[in-house]
Structures are given as structure tokens and as C-alpha cells.
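Engineer: Sending over a structure as C-alpha cells; questions will come in a sec.
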Ligand SMILES: Cc1cc2nc3c(=O)[nH]c(=O)nc-3n(C[C@H](O)[C@H](O)[C@H](O)COP(=O)(O)OP(=O)(O)OC[C@H]3O[C@@H](n4cnc5c(N)ncnc54)[C@H](O)[C@@H]3O)c2cc1C
């Protein structure tokens, strides 16, 4: 058995982005529905993943195996490639996502997201006979666009793409203390470096991760 | 074993619970305030979008504490629509409730809102009702709430201006030059752009520091205490009396009754997850319209098998939100700065202009009479929020180079938006029930992390509302177009703002058609009060928080009288 059932059936907890932009608010919550309808991605046989059978997977990352991390890196690089301005890899978006999914509150999202990486890789194999990390940028864009971005709204593929974009934005535009937005590359691109100054900058020794770790939402029942 | 009885237990510490805790503890009564979320200190409010806006700092996560939402009516296949899990309908989860991270747009209702049934006559398909109180009954408490919370503004004359004895306690906040342009635009259309009052201090007030004009306000807690949250303005002062026992991270699960049918105690999970029982002479529920209905529906007994005080079956009915609509005007700075140099140079966060010319229509030529308010503001500067919005989804969605182009364009833009706060007609099809009445196809009851059934919300909009919100959006777009932006983008012309809630414990004179009396006391359970937005028979055409707070001050004054009498 692979480490995770890597079909998007594994999106048992439908992940979606929920916007709470009323009243001058600026919130997109990371949401997930626990029992909503789910769409299996395909009945195709699952190709064995290296390292996923027999020996435990090797990894030098927090959340992902080396193979998963390679797929993730290739995917975020397509969402925000480097051009005249820095891209996702320059800002360490992949490192951010690897670390962010360690948070206790996001444990379910971690399963969903990792399942989606496997589905992406498999889909690329079916469409272009090559793993996602090894595919050309054109092939990668094709898979992301056709099979995920433009999949039906109720499908697991659509929701996973949504989550990929949202996590990429967090890693590109979030507080640098979480490991992403390196050199404030994202803020500079969006002009938030200007706003941020006036907003009263966060103190240099601030570490958002520690605050997140301390979040408990009431009654000692965990989050 | 129940904890020793106190005078009053209040459940929920937000716009409704805060004023109540403040007034009762000041009057010398022993008060326990139960709040399911943590008690953040001011210095914990940091400009970190991930922490504040994207995790469970302020809002519960939908897999921990879901709400179920569905549209009313039948789907094409003839079945009821399935419920979806969502965070919709939560306002907060911390001491101070939604007032901690609100934007503080503070308006008063108009006298006409209190007699909507009389003014509109019978509306087919809607349960429009007059309030059992008038604007004049609430006016002194608006004044009190504005003073105690600290509201900045300037009450200028305009056709829809509500009567008021005094101007706002604090002068208006500094504003962006765009405010003057909005005024000119409205004037040229024959309308009135009025200053929007804010629950934000423009000057020091009662020992609290004024606003520093940072740009991150709504969705953030204020690290200076300048926002009119009950957590900054009222609860610290209530704690100083020594009469308030604030218990954060305590989740109420049931209000019990004694053999005479009076409310006896509150059962709650303490911060360690242990069940506790707190007895009290009076119990005040203020958990938001949705969550108060849920708590009372969960409070079943032999005397009240359908939920506490629910002899009429009205509990959870006539849920109200605010009608939503929004459009944006994009100004390219590089192109427009010759005309308006301040587009580039000024980062003043506030525009603070509203338009209420369509609050009440003289006739129904446009398909509605009760309208609402247009509020003008900059779009929120949260960059993750903005970036995710630019990427869009589906066929409209972009990634790669195209997305980066949009991001560079965003950097060169200033974006102003308006939102509408419109009437939301109460219908039989918009209500709260418990998830145990709505099992999934597999027969499963959705529960939260405490193992309790959750609120299941059905929303059925009255067609009049949709005509109204479209009309208001079109008027707002006329104002935007008048400013000659590079682009006007419609975000929505229908839908509902679910953080603005009312109605589930409607007040009224007749116990058969309402849950609360004019004092916000249960018609049936004589020591049970509800003081969040649940009491409202109609939502008005404004954001409701100031009204919730004012009403809580009003109810508190009635309770203080009563407690003094009954205590002796
Ligand atoms: C981002 C944002 C911006 C907003 N901006 C504005 C604005 O500009 N103007 C405006 O008028 N309104 C605004 N609002 C809406 C405003 O927050 C609400 O109208 C207001 O807080 C509602 O008051 P309430 O007392 O009903 O609920 P709340 O203030 O939310 O208080 C309810 C409290 O009860 C607690 N609670 C719930 N259930 C239980 C339980 N079982 N046991 C113990 N505790 C419980 C909750 O944790 C919460 O703290 C905004 C809201 C948000 C989220």
C-alpha cells in the first residue's frame, strides 16, 4: 500500500477557501467540509511511488517525502514563476508549506494536500508519460490548468488547486517569520512594503509560528 | 455539584454580553461571564495576517466547530438542498467577541425601522413585524453606548438623519482626500455623502489611547485599544469593580430549569474540558443570533422539550442577516496621479463616507421600499487576501506569468469599494435548527469538537431583497463611475453578510409570535434574557453592532431596577 491513498478520494474533508470579506474585513479562511460530497479523481491504477512500498520513505523535510517535496516545488514554481521579479521558489514558498502543514490545527488539511500532490503526479503520468517534477513547464501548466484549475467546482481536483493557490499565497505574502516571503519578495511585488511601513511593522524578533503553536480553542479539547 | 449561585451568569462577552457585564457589575451585582474563546491581551494583537486572519485566532475552524448552511426550497431533482459545512455565521471566538476584530462602522437605526410592519403593510411571504419599542426608547442608550464604547463621527444634516440629542462624543477621524471626491460625486448625482461614524477613538478617551492610523483595522485586534471592542472599552472596567468573574475558554452547553420552569444554572465545559455547573438567579444569553438559538434549542427538559422557553415554537425562526452587495473602483496610480497626486502620496486608511438616500423609498416604483446604506472604503490591504483574489478560480483563474502581471498591476492601483447593508426581510424559510434534526444521508449527526450538535441554518431570500440590493449596487456604481476610475468591478449584487445577524429570539408583545418581551426577557422563563442581535424583529439597513450594544445597555438598566427590587 502506498503511504497514503493518493487518489483525491482522499479529500474526504473537502477543502475550500472561504472568503470573509464583508465589512471592510480581509479574511479568507482556510476551510474544509467534513462530510460533503467528494469526487474520486479516477479509477486509474495507482503507480507505485518510489519509497512508498516496503522501506519507509526517506525525507529531509518536515511534512513531505523527498518525492512529494519535488512535486510541490515544481507546482508552486508554476503558480508564481520567477520572471523579472522573484518567484515562489525565491521566496521559499515550498519550505513554508512544508513547515505550515505541521501545525496541529491543519492536520486534516495536511492529509488532503499531500493526497493532491500524488494525484497531480499521477495525472501528469497519464497525460504526458512523465512525473510532474520531471515534466517540462508546458506539460506542467497543461496538467495544472486542464485537470485541476478548470475541473468542475465540486471536484476534489478543483478544491485542491484552490488550496495550492491559497497556500502559495500564504508562503509568498505572509509574515516572513513563517519561513516564506523571503526578503519580503512577495510584499515588494504587491506593494505591501509601503502599506506595511505605515501599519507599524512587526518587531524583528517576532515569530508567528510560536503564537500559532499556542493557539488552543477553548475547553482543553484541542483544536 | 453546582458552583455557588451568583446573581447573574452572562454567556458570551461580545457586543451584547459586554455592556451587560459592565452595567451589572458596576451596579454591585455578582456576575459570572462565560466566554468560549480565550482572553487575548492587547499586546497579542500583531499585524500578522496568517495568525489573525487565516487561522483560528478569531474564528473557529470548520472541522472543529462547523455550521451547516443550505438554501431553502427544493433542488431540481425535487429534494431539499443538502447542508454544507462552513465557517459562515461565526463572528468570533474570544473575549470581546466580534467587536475585537470588527471594522467599527457604527450607525444608528432610523425611527422607521421600529415600525416597519406599519410602514410597509403586509408583505406577502415575509414576517415583517413592528418592534415593541420605539426609536425614542432606544435613543438614550445609543447615546450611552456611543460614549462608553467611544465613537468618533460628525452627525451632519441629511434627509435620512435619525433624531439625536448630541453629536458623537469624539470628533471624526482623519480622512483620505478621496472622501471629498466621494462627497462631490454624490452631490453631483443629487445625493448625500455623510461621514461614517466609527467605533475607533480619534482622541484619548477614558484612559484609552487614540487610533494611530495603521492600515490594518478590520479583521485585526487593535494593539492600542483604540477600537470600540467590549474587550477594550468595557470588560477591563467591569473587572475593576471586583464583581465580575470572567471565565474565558468556557463553553456553555445547556441552561437548566428548576421544577417551577425558571432558569436555574448553566452547564459548561471549563478550560480543561471538565463539565461544570454554575447556578444563578438570572441568566443572560448573548452568543450571537445563531449560537444563542443553538444553545437554547440544546437546553431541553421535561418542561421544555423543544428548547428552553420555546412554547411558541418561535425559537430559531426569522433569522436575519444583512443584504449584501459590493463593487470596486480601480485607480491606476501611474495614470491618475497627475489629476490626483494624493493617490500616490496618501496612505490615510479612512474614507468614511456613506450614502443613505435609498434607505427608504417614497413608493415601490423600483420594486421595494425598504433599502439600506452604501458605505465607501478602501479595499482591505491584507496581501494574502488580495493575492488569492487576483488568482481567481476556474476559467477566470490565472497562474504563472499572468498572475504576476496582475500582482504588479495591483501594486500600481488604489482600489475603493462600497458595500451595501440592506434590509433582509424575515421569511419562514430562514431559520436555525439543530444538526440532530438534519442528519446526513448516512444518518450521521454532525457534531462539534465538544460532541454537541451544531447549528444548521436554512436561508430563503425574499425576492424583494434581491431587487433592492441590485438597485443599491447600481446606484453605488454610479457614484464610482462619477469618479472616473480605470475600471469598475462588480463583486456581488445579492447574497447576505452572515456576520451581521438577528432575529432568532424575536421580541414582541404577543407570546404566540415572539420569543422575548420588550425587555428582552423570555415570555415564559421569567429570569432568562437574550441580548445579542437575536431580539431584533428586523435588521434595518445598517450594520447592527452599535444597536446590539445600545439595546444591551437598555436591557441592563431594566434588569438593574428589577434586581434591586427583587434583591431587597
Ligand atoms: C471582520 C468583521 C468585521 C465586522 N465589522 C463590523 C462593523 O464595521 N460594524 C458593525 O456594526 N459590525 C461589524 N461586525 C459584526 C460584529 O462583530 C457583530 O455584529 C457583533 O459582534 C455581534 O454581537 P454579538 O454580541 O451578537 O456577538 P459577538 O460579539 O460575536 O459575541 C458573542 C460571543 O459569544 C461567545 N459564545 C458563543 N457561544 C458560546 C457558548 N456556547 N458559550 C460561551 N461563549 C459563547 C463567542 O465566542 C463570542 O465571543 C464585524 C464582524 C467581523 C467578523
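The values are calculated or read from the model by the stated rules, or taken from the named source; none is laboratory data. Note that the coordinates shown come from a computational prediction; the quantities given were computed from them, not determined experimentally. In this analysis, Cβ positions are derived from the backbone assuming ideal geometry, glycine residues included, and neighbour counts consider all displayed protein chains.
Engineer: Of these, B:495, B:503, which one is surrounded by fewer than 22 Cβ atoms within 10 Å (Cβ to Cβ) and either within 14 Å of another protein chain (Cβ to nearest Cβ) or within 16 Å of the ligand (Cβ to nearest atom) (or both)? Spell out the reasoning first.
Structural biologist: Details: B:503 fails: surrounded by fewer than 22 Cβ atoms within 10 Å (Cβ to Cβ).
After ruling out the rest, the residue left standing is B:495.
Engineer: Filter the range B:112-126 down to the residues that are free of Cβ contacts under 8 Å to residues at least 60 places away in the same chain and over 20 Å from the mean Cα position of the chain (by Cα), then identify the one that is nearest to the ligand (Cβ to nearest atom). Give the steps one after another, and end with the answer.
Structural biologist: First, the residues of the range B:112-126 that are free of Cβ contacts under 8 Å to residues at least 60 places away in the same chain: B:114-115, B:117-118, B:121-122, B:124.
Keeping just the survivors that are over 20 Å from the mean Cα position of the chain (by Cα) gives B:115, B:117-118, B:121-122, B:124.
Details: B:115: 22, B:117: 24, B:118: 26, B:121: 29, B:122: 29, B:124: 29 Å.
Looking at residues that are free of Cβ contacts under 8 Å to residues at least 60 places away in the same chain and over 20 Å from the mean Cα position of the chain (by Cα), I get B:115.
Engineer: From the list B:399, B:424, B:366, exactly one residue is outside any helix (DSSP H, G or I), away from every other protein chain (no Cβ under 11 Å) and farther than 30 Å from residue B:300 by Cβ. Which is it?
Structural biologist: Working: B:399 fails: away from every other protein chain (no Cβ under 11 Å); B:424 fails: farther than 30 Å from residue B:300 by Cβ.
Sole residue among the options that is outside any helix (DSSP H, G or I), away from every other protein chain (no Cβ under 11 Å) and farther than 30 Å from residue B:300 by Cβ: B:366.
Engineer: Got a sec? Which of B:254, B:277 is at pLDDT 95 or above and within 10 Å of the ligand (Cβ to nearest atom)?
Structural biologist: B:254
Engineer: Is it fair to say residue A:141 is crowded, with 20+ Cβ neighbours inside 10 Å, within 9 Å of chain B (Cβ to nearest Cβ), in contact (Cβ under 8 Å) with a residue 40 or more places away in the chain and in a helix (DSSP H, G or I)? Give the derivation first.
Structural biologist: Working: crowded, with 20+ Cβ neighbours inside 10 Å: no; within 9 Å of chain B (Cβ to nearest Cβ): yes; in contact (Cβ under 8 Å) with a residue 40 or more places away in the chain: yes; in a helix (DSSP H, G or I): yes.
Considered against the rule, which asks whether it is crowded, with 20+ Cβ neighbours inside 10 Å, within 9 Å of chain B (Cβ to nearest Cβ), in contact (Cβ under 8 Å) with a residue 40 or more places away in the chain and in a helix (DSSP H, G or I), residue A:141 comes out as no.
Engineer: Quick one: what pairs do we get from the range B:61-74, first residue more than 11 Å from chain A (Cβ to nearest Cβ) and without any contact (Cβ under 8 Å) to a residue 12 or more places away in the chain, second surrounded by fewer than 17 Cβ atoms within 10 Å (Cβ to Cβ) and assigned to a strand (DSSP E or B), C-beta under 7 Å, 6+ apart or different chains?
Structural biologist: Qualifying pairs under 7 Å: B:74/B:80.
Engineer: A follow-up question, please. Answer yes or no as to whether residue B:543 is in contact with a helix residue (DSSP H, G or I) (Cβ under 9 Å, 6 or more places away or on another chain), part of a loop (DSSP other than H, G, I, E, B) and within 16 Å of the ligand (Cβ to nearest atom).
Structural biologist: Details: in contact with a helix residue (DSSP H, G or I) (Cβ under 9 Å, 6 or more places away or on another chain): no; part of a loop (DSSP other than H, G, I, E, B): yes; within 16 Å of the ligand (Cβ to nearest atom): yes.
When the stated conditions are applied, residue B:543 does not pass them.
Engineer: Suppose we keep only residues that are at pLDDT 90 or above and farther than 19 Å from residue B:553 by Cα within the range B:1-22. Which one would you say is nearest to the ligand (Cβ to nearest atom)? So that I can check it myself, show each step before the final result.
Structural biologist: So in the range B:1-22, the residues at pLDDT 90 or above come out as B:4-22.
Keeping just the survivors that are farther than 19 Å from residue B:553 by Cα gives B:4-6.
Details: B:4: 20, B:5: 19, B:6: 16 Å.
Taking the candidates together, the pick is B:6.
Engineer: Further, regarding this structure: Considering (1) away from the ligand (no atom under 12 Å from the Cβ); (2) in a helix (DSSP H, G or I); (3) within 22 Å of the chain's Cα centre (by Cα), say which one residue B:519 fails and leave the rest.
Structural biologist: (2)
Engineer: Here's another thing I want to ask about it. Residues that are closer than 29 Å to residue B:209 by Cα: which helices (runs of 4 or more DSSP H) entirely in the range B:88-191 hold 3 or more of them? I'd like the intermediate steps shown before the answer.
Structural biologist: Values: elements: B:116-120, B:135-149, B:178-188.
The helices (runs of 4 or more DSSP H) meeting that bar are B:135-149, B:178-188.
Engineer: Sticking with this one: For the range B:555-562, does any single residue satisfy the condition of being closer than 30 Å to residue B:359 by Cβ, within 13 Å of the ligand (Cβ to nearest atom) and under 18 Å from the mean Cα position of the chain (by Cα)?
Structural biologist: So far as the range B:555-562 goes, no, none of its residues is closer than 30 Å to residue B:359 by Cβ, within 13 Å of the ligand (Cβ to nearest atom) and under 18 Å from the mean Cα position of the chain (by Cα).
Engineer: Let me ask something else. Using beta carbons and a limit of 6 Å, which pairs, at least six apart or on different chains, have the first residue in the range B:286-298 and more than 14 Å from every other protein chain (Cβ to nearest Cβ) and the second one assigned to a helix (DSSP H, G or I) and more than 7 Å from the ligand (Cβ to nearest atom)?
Structural biologist: Close Cβ pairs satisfying both conditions: B:289/B:534; B:292/B:534.
Engineer: Please indicate, with yes or no, whether at least one residue in the range B:176-185 is within 14 Å of another protein chain (Cβ to nearest Cβ), away from the ligand (no atom under 16 Å from the Cβ) and either at pLDDT 95 or above or crowded, with 17+ Cβ neighbours inside 10 Å (or both). Break it down into steps so the answer makes sense when it comes.
Structural biologist: Filtering the range B:176-185 for residues within 14 Å of another protein chain (Cβ to nearest Cβ) gives B:176.
So of that shortlist, the ones also away from the ligand (no atom under 16 Å from the Cβ) come out as B:176.
In the following step, the residues that additionally are either at pLDDT 95 or above or crowded, with 17+ Cβ neighbours inside 10 Å (or both) were identified as B:176.
Checked the range B:176-185: at least one residue is within 14 Å of another protein chain (Cβ to nearest Cβ), away from the ligand (no atom under 16 Å from the Cβ) and either at pLDDT 95 or above or crowded, with 17+ Cβ neighbours inside 10 Å (or both).
Engineer: Residues in the range B:261-270: is at least one within 14 Å of the ligand (Cβ to nearest atom), in contact (Cβ under 8 Å) with a residue 40 or more places away in the chain and not in a strand (DSSP E or B)?
Structural biologist: no
Engineer: Tell me whether the range B:346-358 contains one or more residues that are in a loop (DSSP other than H, G, I, E, B), closer than 30 Å to residue A:77 by Cβ and within 16 Å of the ligand (Cβ to nearest atom). Break it down stepwise before answering.
Structural biologist: The first filter runs over the range B:346-358 and keeps only residues in a loop (DSSP other than H, G, I, E, B), leaving B:346-352, B:356-358.
Still in the list and also closer than 30 Å to residue A:77 by Cβ: none.
For the range B:346-358, residues in a loop (DSSP other than H, G, I, E, B), closer than 30 Å to residue A:77 by Cβ and within 16 Å of the ligand (Cβ to nearest atom): absent.
Engineer: Suppose we keep only residues that are over 30 Å from residue B:356 (Cβ atoms) and touching a strand residue (DSSP E or B) at 6+ places or on another chain (Cβ under 9 Å) within the range B:522-540. Which one would you say is nearest to the ligand (Cβ to nearest atom)? Even if it seems obvious, please write down each step before you answer.
Structural biologist: To start, the set of residues in the range B:522-540 that are over 30 Å from residue B:356 (Cβ atoms) comprises B:522-529.
Next, from what is left, pick out any that are touching a strand residue (DSSP E or B) at 6+ places or on another chain (Cβ under 9 Å): B:522-523, B:525-529.
Working: B:522: 17, B:523: 21, B:525: 17, B:526: 22, B:527: 19, B:528: 15, B:529: 13 Å.
Among those residues, the one meeting the criterion is B:529.
Engineer: Something else now. Say we look at the range B:35-50 and pick out the residues that are facing another protein chain (nearest Cβ under 10 Å) and part of a loop (DSSP other than H, G, I, E, B); which of these is surrounded by the most Cβ atoms within 10 Å (Cβ to Cβ)? Give the steps one after another, and end with the answer.
Structural biologist: Kept after step one, since they are facing another protein chain (nearest Cβ under 10 Å), are these residues of the range B:35-50: B:35-38, B:44, B:46-50.
If we keep only those that are part of a loop (DSSP other than H, G, I, E, B) as well, we get B:35-38, B:46-48.
Details: B:35: 31, B:36: 29, B:37: 26, B:38: 19, B:46: 21, B:47: 20, B:48: 23.
Residue satisfying both the conditions and the ranking: B:35.
Engineer: Let me ask something else about it. Quick one: residue B:292 ticks every box in (1) part of a helix (DSSP H, G or I); (2) crowded, with 20+ Cβ neighbours inside 10 Å; (3) out of contact with any helix residue (DSSP H, G or I) (no Cβ under 9 Å at 6 or more places or on another chain) bar one, so which box is it?
Structural biologist: For residue B:292, the failing item is (3).
Engineer: Would you confirm, using the coordinates I've provided, whether residue B:25 is within 16 Å of the ligand (Cβ to nearest atom) and buried (at least 23 other Cβ atoms within 10 Å of the Cβ)? Give the derivation first.
Structural biologist: On the way: within 16 Å of the ligand (Cβ to nearest atom): no; buried (at least 23 other Cβ atoms within 10 Å of the Cβ): yes.
It is false that residue B:25 is within 16 Å of the ligand (Cβ to nearest atom) and buried (at least 23 other Cβ atoms within 10 Å of the Cβ).
Engineer: Pull up the range B:66-91, narrow it to residues that are in contact with a helix residue (DSSP H, G or I) (Cβ under 9 Å, 6 or more places away or on another chain) and within 21 Å of residue B:419 (Cα to Cα), then point me to the one that is nearest to the ligand (Cβ to nearest atom).
Structural biologist: Our first condition is that a residue be in contact with a helix residue (DSSP H, G or I) (Cβ under 9 Å, 6 or more places away or on another chain); within the range B:66-91, this holds for B:66-68, B:83, B:89-91.
In the following step, the residues that additionally are within 21 Å of residue B:419 (Cα to Cα) were identified as B:89-91.
Details: B:89: 11, B:90: 8, B:91: 4 Å.
The extreme case among them is B:91.
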